[in-house]
Amino acid sequence: MQEIREIERVTRVPRVAPYLRGVVNLRGAIVPVVDLGLMFGFPAALELEGASAIVLNVDRRLVGLVVSGVSDVVALADDEILPPPELGARVIGAAIAGIGTRRDASAGEEAASLLILDVEHLMRRIRAERA
């Protein structure tokens, strides 16, 4: 991950995949903005106003993943990461690298599960559909 930024202005691009919401200028670099919800088949796009983008730098290529908000960045130990579930050949199945679990020490209960995404897989898919 390179950074988390609030999305200010997205320039729409014609004839691209529906999940590619457009591009932003990030200090002179043009960064595609991807709505993972649309990529994975959710029916409604995220509202861009007030949204944030997790900017990834993979193989010297930048991409912004739209999220409704970021509450925390966590580091997980190996024993807190479970293997991904079997989801068949669905797009989301290949993109999930694991499921993160973390026990909330103060409350003595488990926190919500966290999807751990395979960023390289996502970038290959984005590149393939942009070609």
For this session: Would you check if residue 64 is of a type outside the set (Val, Ile, Thr) and closer than 18 Å to residue 118 by Cβ?
Result: yes
For this session: Within the stretch 68-79, identify whether any single residue is under 15 Å from the mean Cα position of the chain (by Cα) and buried (at least 17 other Cβ atoms within 10 Å of the Cβ), and answer yes or no.
Result: no
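In the stretch 25-43, which residues are more than 16 Å from the chain's Cα centre (by Cα), open to solvent by less than 80 Å² (accessible area, probe 1.4 Å) and at negative phi?
Here is the first cut: in the stretch 25-43, the ones more than 16 Å from the chain's Cα centre (by Cα) are 25-30, 43.
Pick out the ones that are also open to solvent by less than 80 Å² (accessible area, probe 1.4 Å) and you get 26, 28-29.
Correct list: 26, 29.
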For this session: Would you point out the residue of the stretch 1-13, among those that are over 22 Å from residue 75 (Cα atoms) and open to solvent by less than 100 Å² (accessible area, probe 1.4 Å), that is nearest to the chain's Cα centre (by Cα)?
Result: 7
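Look at residue 53 and say whether it is surrounded by fewer than 18 Cβ atoms within 10 Å (Cβ to Cβ) and among the small types (Gly, Ala, Ser).
On the way: surrounded by fewer than 18 Cβ atoms within 10 Å (Cβ to Cβ): no; among the small types (Gly, Ala, Ser): yes.
Against the criterion (surrounded by fewer than 18 Cβ atoms within 10 Å (Cβ to Cβ) and among the small types (Gly, Ala, Ser)), residue 53 does not qualify.
The values are calculated or read from the model by the stated rules, or taken from the named source; none is laboratory data. Nothing here was measured: the structure is a model prediction, and the numbers come from that model. We place every Cβ from the backbone using ideal geometry, glycine too, and count neighbours over all the protein chains shown. For the accessible areas, the whole protein counts, side chains as well, though only heavy atoms, and no ligand, DNA or RNA atoms are used. Shrake-Rupley method; radii C 1.70, N 1.55, O 1.52, S 1.80 Å.
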